[in-house]
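Any read-out appearing in this document is the output of simple, stated calculations on the displayed coordinates, not a laboratory observation. Small disclaimer: the values here were computed from a predicted structure and weren't measured. Virtual Cβ from ideal backbone geometry, glycine too; neighbours counted across all protein chains shown.
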Amino acid sequence: MSLITQQLSLHDLSHCRVVCTVDRALDKLDNGQLLMISANQPSAIPDIRNHTLRDGNEILRFLDDEQAFTFVIRKRSTNPVDYIPG
């Protein structure tokens, strides 16, 4: 696995803050770079998963550690116009 480019802690954030924070972080990354996200709210799991996949990014790893959830996401490596979800 490649090196993590950026790490985010989204502990105790609301739905809107989770989605907005992930979106801003991914916007700052170059295509192919990795973002590691840590969250402790179970509601963050579908928020992060759905938002990430909707934009054509790839979830490389998801860990559920009972008290925290960790995602490793690769920013899409194609132009979103060229991306066709499969």
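Please go through region 18-52 and give me each residue that is out of contact with any strand residue (DSSP E or B) (no Cβ under 7 Å at 6 or more places or on another chain) and closer than 15 Å to residue 6 by Cα, ordered by number. Those that are out of contact with any strand residue (DSSP E or B) (no Cβ under 7 Å at 6 or more places or on another chain) and closer than 15 Å to residue 6 by Cα: 23, 24, 27, 28, 30, 31. Among residues of region 16-41 that are in contact (Cβ under 8 Å) with a residue 24 or more places away in the chain and over 15 Å from residue 69 (Cα atoms), those with a Cβ under 7 angstrom from a residue that is among the polar types (S, T, N, Q) and surrounded by 17 or more Cβ atoms within 10 Å (Cβ to Cβ), sequence gap 6+ or separate chain, pair up as 26/57. When restricted to residues that are out of contact with any helix residue (DSSP H, G or I) (no Cβ under 7 Å at 6 or more places or on another chain) and surrounded by fewer than 16 Cβ atoms within 10 Å (Cβ to Cβ), region 1-20 contains 12.
Regarding residue 64, is this residue more than 10 Å from the chain's Cα centre (by Cα) and among the acidic types (Asp, Glu)? First the steps, then the outcome.
Numbers: more than 10 Å from the chain's Cα centre (by Cα): yes; among the acidic types (Asp, Glu): yes.
So residue 64 passes the test.
Listed conditions (1) closer than 12 Å to residue 72 by Cα; (2) surrounded by 18 or more Cβ atoms within 10 Å (Cβ to Cβ) are all met by residue 25, apart from (1).
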